Structure formats: structure tokens, C-alpha cells
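Notes for the one structure printed next.
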Amino acid sequence: MHDDLLNKIDHDYTVKKLEEMIAIPSVVKEEKELAYYLQGELESLGFETELHEVEPGRPNIYGWLKGAKPGKRLNFNGHMDTVPVVSGWDTDPFKPVKKDGKIYGLGSNDMKGGIACTLSMLKAFADSGHQFKGELSFSGVIDEEAYGEGAKAMLKTDWSKVDAILLGEPSQGTKENPTALGITGKVLYDIYVHGVAAHGFSPEAGVNAVEQAGIILANLHKLKIAKRDGFKGNYSTLKIEGGYKVYSVVVPAECRFEVNRLTVPGETVESVIKDMENLIAS
Ligand SMILES: [Zn+2]
């Protein structure tokens with residue numbers, strides 16, 4: 001059955017699905033149109049489907065194909081959202097461009113490519129007519145590039161009871177072992193630095209919150225980023241804000257910054273919060 005299914009994979013279909021999905025903008029918070037598209041695709045493959053409204057206008061999509069007899073449940077998962085459009089694009093990010101054997105477009109890699117491969121595999125399976133036990137399903141979730149609300153909502157439903165979930169994310173695993181067991185976690189540090197305001201002509205009378213934040217940021221490389229084969233632990237400062245709203249010569253008393261941290265199996269929310277606390281205290 002394995003070889004037969006591999007032979008049935010239609011690469012033209014995979015590419016077509018990827019191009020169609022790139023052309024449907026699904027920047028985080030605007031995943032709805034892609035959810036409807038995936039619902040249509042899954043239904044055309046003979047899957048039953050359900051939209052799960054996680055927030056108003058922001059549904060997850062679930063689709064499933066039941067085997068002739070009860071058995072294990074296998075779910076293929078993908079996040080529908082992409083990051084926003086940032087500067088640096090030479091072409092329209094929502095118009096797929098084929099170049100040097102690659103397809104460029106927002107989300108082509110992360111992770112509409114993974115979803116296209118999953119659809120292609122599901123199509124090969126559905127078209128084969130192979131009898132099977134159990135249930136084959138797909139879940140498309142919202143908000144992965146933000147707070148992960150789609151996956152959290154999914155895990156509060158019966159979908160948390162599947163026997164295995166396989167993600168088509170591009171960033172995990174190694175070349176030798178591309179299917180990683182597990183996935184990186186994510187912690188968003190939201191850090192407020194409180195100083196003491198003073199007139200800017202007498203900075204010694206205050207404590208400059210922006211400069212204090214700068215000292216912490218310059219020392220982030222001292223965070224104890226754990227290493228584990230096949231997983232990527234790291235950190236990245238995403239945002240900083242502080243100081244006056246209207247120009248005035250005042251030593252800022254407040255500053256806030258956000259640092260994203262990827263965690264690897266073995267680390268916990270508590271352990272990485274402690275790590276940051278230790279850094280700030282040092
Ligand atoms: Zn992703």
C-alpha cells in the first residue's frame with residue numbers, strides 16, 4: 001500500500017494547491033478565507049468537515065475520513081496564519097512566483113507548503129480507495145504566529161484524544177532525521193522597566209528606564225539557551241517602547257520590551273522565566 005500511495009502523489013496538484021493558498025491572504029487574525037478554502041478542498045476529497053469558531057470570524061477547520069472499522073486516529077495539523085507582510089518584498093507577496101525550482105510567496109514555506117503536501121497525501125489516500133481502520137484527519141488552526149489560540153482551542157475538544165498528530169512545519173528536525181518527535185515551545189517575555197523620572201538636564205536625579213532596558217537587551221546573549229538535537233532554542237527581541245509621547249526633555253521612567261524565546265523539550269515556562277530573572281538580577 002505504501003508504494004502505491006507514493007506513486008499516487010500528484011506533484012502538479014501539490015504545487016497548484018500551494019499557489020492557490022499563497023493567493024489567499026491569511027495574515028494572523030485573517031485566517032477565515034483560507035479556512036473556507038480548506039473546508040472545500042477536504043470535502044472534495046470526501047472528508048466530513050467542521051468549522052470551529054475560536055474567536056468571532058476566526059475558525060479552525062477540521063476534516064476527517066473514517067475507516068471501515070474502528071482503530072487509531074491520526075491527525076495532520078497545520079497552521080493557516082502567516083506572519084504579516086514586512087518590508088523587503090520585490091514582488092506581490094500574495095502572487096506566487098516560481099524561480100530556480102522554488103515557489104516564492106508569503107507563507108510558501110511557513111506553512112502553506114506543509115499544508116499543500118498534506119492535502120496531496122490525503123488526496124492520494126482518498127483516491128486510492130484503500131480500506132483502513134480508524135480515522136485519518138486534518139486540522140487547520142489559527143493564530144500560531146501569535147498566541148496559538150487555535151491549537152489551544154483544538155486541544156480543549158475531542159481532537160486532543162487522537163493517537164498522534166503530525167505537523168508539516170518547516171522548521172523542525174534535521175536533514176538526517178526530518179521528522180522530529182516534539183516541537184519547540186514558545187515563551188513571550190513582556191518586560192516592564194520602571195525608572196525614576198527627572199528633568200533631562202539633571203539625569204543624575206533620575207533612573208533612565210530606556211537605558212536600563214538597553215543594558216538588559218545588550219546582555220540577552222547570557223541567557224542559558226538549551227541545546228537539543230533537532231530543536232532550535234533561541235531568543236529574539238520583537239519590540240521596545242518607552243519615553244515621551246510628545247517630545248520633552250524628560251528622563252523616561254518607563255520602558256517596555258518583548259522578547260520571544262523558543263524552548264526545547266526539557267525546558268519549562270518556569271525554568272525560562274527564572275533564567276530571565278537571573279539575568280536581570282545579575
Ligand atoms: Zn509555522
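The values are calculated or read from the model by the stated rules, or taken from the named source; none is laboratory data. Fair warning: this is a prediction, and the values are worked out from it, not measured in the lab. We place every Cβ from the backbone using ideal geometry, glycine too, and count neighbours over all the protein chains shown. Note: areas computed on protein heavy atoms with side chains; ligands, DNA, RNA excluded. Shrake-Rupley method; radii C 1.70, N 1.55, O 1.52, S 1.80 Å.
Does Glu241 count as outside any helix (DSSP H, G or I), over 24 Å from Asn77 (Cα atoms) and not assigned by TED's automatic domain parsing to the domain that holds Ala151? Yes: the conditions hold for Glu241. Criterion applied to Gly71, Gly46 was being away from the ligand (no atom under 16 Å from the Cβ), at pLDDT 95 or above, part of a strand (DSSP E or B) and not β-branched (Val, Ile, Thr), and the one residue passing it is Gly71.
Limited to the range 129-148, what total is found for residues that are within 16 Å of the ligand (Cβ to nearest atom), hydroxyl-bearing (Ser, Thr, Tyr) and crowded, with 21+ Cβ neighbours inside 10 Å? Summing the residues that are within 16 Å of the ligand (Cβ to nearest atom), hydroxyl-bearing (Ser, Thr, Tyr) and crowded, with 21+ Cβ neighbours inside 10 Å in the range 129-148 gives 1. Quick check on the range 149-190: of everything there that is in contact with a helix residue (DSSP H, G or I) (Cβ under 8 Å, 6 or more places away or on another chain) and part of a loop (DSSP other than H, G, I, E, B), which residue is nearest to the ligand (Cβ to nearest atom)? If we take residues in the range 149-190 being in contact with a helix residue (DSSP H, G or I) (Cβ under 8 Å, 6 or more places away or on another chain) and part of a loop (DSSP other than H, G, I, E, B), then Glu169 is nearest to the ligand (Cβ to nearest atom).
From the list Lys95, Lys17, Lys32, Lys99, the lone residue that is open to solvent by less than 70 Å² (accessible area, probe 1.4 Å), away from the ligand (no atom under 16 Å from the Cβ), farther than 19 Å from Ser160 by Cβ and among the basic types (Lys, Arg) is Lys17. Residues of the range 186-195 being buried (at least 18 other Cβ atoms within 10 Å of the Cβ) and touching a Ser or Thr at 6+ places or on another chain (Cβ under 8 Å), which ones? The one that is buried (at least 18 other Cβ atoms within 10 Å of the Cβ) and touching a Ser or Thr at 6+ places or on another chain (Cβ under 8 Å): Val187. For Ile24, state whether it is over 17 Å from Phe125 (Cα atoms) and touching a His at 6+ places or on another chain (Cβ under 9 Å). Spelling it out, it is not the case that Ile24 is over 17 Å from Phe125 (Cα atoms) and touching a His at 6+ places or on another chain (Cβ under 9 Å). Would you confirm whether or not the range 231-239 contains a residue that is open to solvent by less than 50 Å² (accessible area, probe 1.4 Å), farther than 19 Å from Asn219 by Cβ and under 20 Å from the mean Cα position of the chain (by Cα)? Yes, there is a match, as at least one residue in the range 231-239 is open to solvent by less than 50 Å² (accessible area, probe 1.4 Å), farther than 19 Å from Asn219 by Cβ and under 20 Å from the mean Cα position of the chain (by Cα). The selection criterion, being under 25 Å from Ile183 (Cβ atoms), assigned by TED's automatic domain parsing to the domain that holds Lys152 and either assigned to a loop (DSSP other than H, G, I, E, B) or touching a Ser or Thr at 6+ places or on another chain (Cβ under 9 Å) (or both), holds for Gly63. For the range 77-92, a residue qualifies if it is surrounded by fewer than 17 Cβ atoms within 10 Å (Cβ to Cβ) and either touching a residue at least 24 places away in the same chain (Cβ under 8 Å) or within 14 Å of the ligand (Cβ to nearest atom) (or both), and the qualifying residues are Val83, Pro84, Val85.
Condition check ((1) free of Cβ contacts under 8 Å to residues at least 12 places away in the same chain; (2) in the same structural domain as Asp10 (by TED's automatic domain parsing); (3) among the small types (Gly, Ala, Ser)) across all residues:
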| site | (1), (2), (3) |
| --- | --- |
| Ile115 | no, yes, no |
| Ala124 | no, yes, yes |
| Ala151 | no, yes, yes |
| Gly214 | yes, no, yes |
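Taken across the range 115-128, residues that are among the aliphatic types (A, V, I, L, M), part of a loop (DSSP other than H, G, I, E, B) and away from the ligand (no atom under 15 Å from the Cβ) do not occur at all.
Would it be correct to say that Gly206 is more than 16 Å from the ligand (Cβ to nearest atom) and not aliphatic (A, V, I, L, M)? So Gly206 fits the description; yes.
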